[in-house]
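Structure first, commentary second.
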Amino acid sequence: IHQHFSLHRAIQNAIKNGDFFPLYQPLIDRRTHTCCGAEVLLRWHANANETIMPDSFIEYAEFSGLIVPITIQLAEKVFNEVQSFIKTNPH
């Protein structure tokens, strides 16, 4: 029970602090060998030296409903980052 409540509180704090962030995995067109997109991967920046992988918190976030604000935060960050990337790399 203690672990359940501490994870809940930790995720809530991470949402509040903006600690969830995207990583981009390029998608490569096998015919042209060019990047044709990217898969967005979720990570949690816990502190200066620790990144928490999603397998440690996704199941609980989905169960608790906290996945919704995490997803919204991630989508906003992706939108902002991709928008500037596309401006500088239109191809």
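The values are calculated or read from the model by the stated rules, or taken from the named source; none is laboratory data. Since we're looking at a predicted model, the values are computed, not measured. Here Cβ is always computed from backbone atoms with ideal geometry, including for glycine, and neighbour counts include all displayed protein chains. Side chains included, ligands, DNA and RNA excluded: accessible areas come from the protein's heavy atoms. Shrake-Rupley method; radii C 1.70, N 1.55, O 1.52, S 1.80 Å.
Based on what the data block shows, is Leu27 within 14 Å of the chain's Cα centre (by Cα) and part of a strand (DSSP E or B)? Considered against the rule, which asks whether it is within 14 Å of the chain's Cα centre (by Cα) and part of a strand (DSSP E or B), Leu27 comes out as no.
Checking the stated criteria, Glu81 turns out not to satisfy the condition of being among the acidic types (Asp, Glu), in a helix (DSSP H, G or I), without any contact (Cβ under 8 Å) to a residue 40 or more places away in the chain and out of contact with any Lys or Arg (no Cβ under 6 Å at 6 or more places or on another chain).
This table checks each residue for (1) open to solvent by 40 Å² or more (accessible area, probe 1.4 Å); (2) at pLDDT below 95.
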{"position": "Ile1", "(1), (2)": "yes, yes"}
{"position": "Arg31", "(1), (2)": "yes, no"}
{"position": "Cys36", "(1), (2)": "yes, yes"}
{"position": "Trp44", "(1), (2)": "no, no"}
{"position": "Asn47", "(1), (2)": "yes, yes"}
{"position": "Glu62", "(1), (2)": "yes, no"}
{"position": "Gly65", "(1), (2)": "no, no"}
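Being at positive phi and within 12 Å of the chain's Cα centre (by Cα) is a description that applies to Gly18.
Applying the condition of being of a type outside the set (A, V, I, L, M) and under 30 Å from Asn89 (Cβ atoms) to the stretch 49-59 and asking which residue is most open to solvent (accessible area, probe 1.4 Å) yields Thr51.
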